[in-house]
Each structure stands twice: as C-alpha cells, then as structure tokens.
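Contents: one structure, followed by commentary.
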Amino acid sequence: MNRPLVSVTMAVCNVERFLGQAIESILTQSFADFELVIVDYGSTDRSKSIIVSYASQDQRIKLSEVPSCVLPAARNAACSLAQGKYIAIMDADDVCLPDRLELEVDFMEQHPDVGLIGGGVVWVDAADRKLGYHSHPSSDTELRFALADHCCFWHPTVLFRKDAFMSVGGYRVAFVAAHDYDLELRISDRYKCANLQQAVLNYRIHPEQLSMRKRTQQTLGILAAQRSALMRQKGQEDVIDAVDVITPELLVHVGIDQSTYENALLSESRRWIRHMTSAGETTVALEAALDVLRGHWLNAEEWQIADLHLLAASLRWRRHQFSQSALSFVKALLMRPKILGRPLRPWLQRIGVVHG
C-alpha cells in the first residue's frame, strides 16, 4: 500500500458534541491523498463509537487507543503513527474548510525550506455562528519576531514536515497547555515558518475549551517556552528540557520573577474572557472575571486589574446588572484614575449605553 502524502492527526477525549463534524470536514477535503490518524486517550462518552462508525465507512481513518494521558502525549502518539511526509494537526471541536490541505500542501511543495505552515481562521461559536476572521503574521521574518512574545499559529491549522517534527523530538509533555507554542518555537529554530492569510479552519470558541482553571498551567508553559527558546539562542543548556512538570519554582530558577508571572497570567486570563465574550458566553466570562479579581495580585500592574474591572462592568451591564456594573466601573476608576483621561464615549459604546 502506498503511503499517503499527508497524515492528519487528531487526539480525542470526550468530544462527542463536535467530533462528527470535525471528522467529516477532513473526509470531504478537496485534497484526497491523506490518512486520518485518530488517537483516543481516555474517552468515557460516545467519542470512540463515533470514530468506529466513521472508520467502518472510510479506510483512511486509523483509530488507536492509549491510556488516559495529557494532550501532548496523545498528540505524540498520533504523530508516531503517521505515515505521511507531512503531518496536519486537527482538533476534534473545529471544522476544516474544504481546501485547507490542498492550500497548505501546495505551499509546502513550493517552499522546501519551510518546515511548518499555519493559516487564518474564522471564529465560530458552539452553534456555528461566525464571530469574525482572525490571522497571524505570514512571513518567516514577521513570525520570528512575533514568536518571541506570543504564539502566532492557530495550532489546528498547522501542517509540518514529519522530518521537522522528528528532528526536534516532538511535543514536550511537561508543557501541557502550551505544548503547541513550545513545538512551534523549536521548529522555528531549525526551519522557516509561514502562515497562509486565507482562512483554512472554523475555530470554535466555547466554554469547554481550555478553561480558566488551566490558565495557570498554560501561563507557566508559555513563560517556560519563551525562556527555553532564549537559552537555546544564547547557546546555553536548556535546563527545562529535563523537567517533567513546570512549576512556579522552576520559573524562578530560570530567572522569571513573580511580577512577570502574575502579569502574564492576568494577560492570558483577560484574553480568554474576551474570547468567551465574543462567543456570547457572557455568564462564563463574567464568572471568570470575578474569579480572577478575587485573587491576590501583589505584584501585578494596576492597569491590568483596572481593565478586568472594566470587563466586569461591561459584562454586568449586558446582563442588566446596572448597579453592579457601575460599582465595577468605580473600582476600575479608583485603581486607575487615568481612565478619566480617556474619552468616556468608547467605553459607553463598549457596554452598550450609547451607539455609533
């Protein structure tokens, strides 16, 4: 049997709600020379039976089961089974647009020095309502600059050369919720990278995604990935490569202070809250904002706390909690008097008091 050019890999655990739609979006691609490698890593819902049903109808689907584990370990398991020259990552709650694989493979075939490519996305909510188009920088030069500060690939749009993946050792399990960013940084050390500006995926925003409870774990991973990349750039030993888990103590050991950590965590939390707001999940977003505000932020910048109060004010206003909205606004004002220096109209527009 000839090996496929592309191996699409999907790690699955308790995603029955969106799984069928995700699988179908791969099977109906305009590009046909692929296999779909699905690894189930501990589902207790109907996910496995859904996969089996599709696999019985399409021999391109290869199902494997592994014991319950963290997501990067499941992704490694899927990639280890890949037979293709290229590996495409897919998440079980997103939807590929019909020409995703064709566009990405064409680009890679024409650019042999590129090791990894991603693409633009259309955000959708749980009901498939479109929330807007989003993209990242496209050129290798722009990406190298941006990657030092943040992840600039939508990971379920990523396609990379299997050789590139193997050369960097795959996903590092210790990074858990930031394993995608860490992998992309390490591949960019050795290969050029790119992003297509075309949308290639409907990227789903919903509360069952990475929850606020995992924001701490993700922030630790982001900061560790950035420090790890800096060590490599300086020709130093990457001490993070030897750890099994990333902790606040590890960050201190590699020179990341508490203030940097707290501000990064607040920034990630605010970003997630805005994502939930964009998806219309105002209850989830408000609960998350209030939960963060109950924390003890001894080393954080005041403007971040003030902005969270403003977010809470906006969300409370949307939920017709007008007196509480005003109270949140006052708290923001007390923390950050410079708010008065801004024109109030944009904020009033933001919470819906005035329009246009």
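The values are calculated or read from the model by the stated rules, or taken from the named source; none is laboratory data. Values in this document were obtained by computation on a predicted structure and should not be read as measured data. Cβ coordinates were reconstructed from backbone atoms using ideal geometry, including for glycine residues, and neighbour counts include every protein chain displayed.
Values for this structure:
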quantity: Residue under evaluation S30, criteria (1) touching a residue at least 40 places away in the same chain (Cβ under 8 Å); (2) closer than 21 Å to H155 by Cβ, criterion not met; calculated: (2)
quantity: Residue ID - surrounded by the fewest Cβ atoms within 10 Å (Cβ to Cβ), chosen from residues in the range 1-37 that are assigned to a loop (DSSP other than H, G, I, E, B) and β-branched (V, I, T); calculated: T28
quantity: Conditions (1) farther than 23 Å from E24 by Cα; (2) modelled with pLDDT of 95 or more; number of the one not met by L196; calculated: (1)
quantity: The listed residue being assigned by TED's automatic domain parsing to the domain that holds V105, modelled with pLDDT under 95 and surrounded by fewer than 23 Cβ atoms within 10 Å (Cβ to Cβ), out of V168, V176; calculated: V176
quantity: Selection within the range 1-27 - closer than 16 Å to K85 by Cβ and either in contact (Cβ under 8 Å) with a residue 12 or more places away in the chain or touching a Phe, Trp or Tyr at 6+ places or on another chain (Cβ under 6 Å) (or both); calculated: R3, P4, L5, V6, S7, V8, T9
quantity: Qualifying residues in the range 67-83 (those that are surrounded by fewer than 21 Cβ atoms within 10 Å (Cβ to Cβ) and assigned to a loop (DSSP other than H, G, I, E, B)) - the one nearest to the chain's Cα centre (by Cα); calculated: V70
quantity: Inter-residue pairs, beta-carbon under 8 Å, first among the charged types (D, E, K, R) and in the range 249-264, second surrounded by 13 or more Cβ atoms within 10 Å (Cβ to Cβ), 6+ apart; calculated: E262/W297; E262/A300
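Rundown of residues vs (1) buried (at least 22 other Cβ atoms within 10 Å of the Cβ); (2) closer than 27 Å to S135 by Cβ, yes/no style:
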position	(1), (2)
K234	no, no
E249	no, no
D257	no, no
N263	no, yes
A279	yes, yes
T282	no, yes
L298	no, no
